[in-house]
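What follows is a short report on a single structure.
The values are calculated or read from the model by the stated rules, or taken from the named source; none is laboratory data. The structure displayed is predicted, hence computed values, not measured ones. These accessible areas exclude ligands, DNA and RNA; they are computed on the full protein's heavy atoms, side chains included. Shrake-Rupley method; radii C 1.70, N 1.55, O 1.52, S 1.80 Å.
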Amino acid sequence: KLRPSRIDRSFPLMSLAYRLLQSIDPQDQDTLAPSPYWLDSVQEYIRLHCTENLTVDDLSAWAGVHRSHFTRMFTRRYGVSPSEYKRRWVMEKAARLLSEDGINITQAALTLGYSDLFTFSRSF
């Protein structure tokens, strides 16, 4: 059984603990969300690993946020879903490979991680 004096001391300690937690991030006092810069990191990660079979689940796990929150924040920031962003980036890279590097369509498809020319052509 707790004595009244012990309960009285716990409330000021809890208040101090909450103030300490609040002082960690004074800009975002309502949530413990990750830094907004995580979206820039994800964007760079997609660009570096676009030839891999990345899923939205993979990207949200890498960013350390829930899948639905990840998709919502990414779409809000870049105007397209993460999967569409990846697809567009791959197609831009394909266009550069075909025009600047002068490689053929089959080589471009294989370089970008497509298993067959038909799938690549349909995406392009």
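Taking all protein chains into account, the per residue accessible area for the stretch 34-74 stands at 58 Å² (1.4 Å probe).
Rounded if a/c is under 1.5, else prolate if a/b is larger than b/c, else oblate: which is the stretch 32-111, with a ≥ b ≥ c the root eigenvalues of its Cα gyration tensor? List each step's numbers first, then the result.
Values: a/c = 2.84, a/b = 2.48, b/c = 1.15.
The shape class here is prolate.
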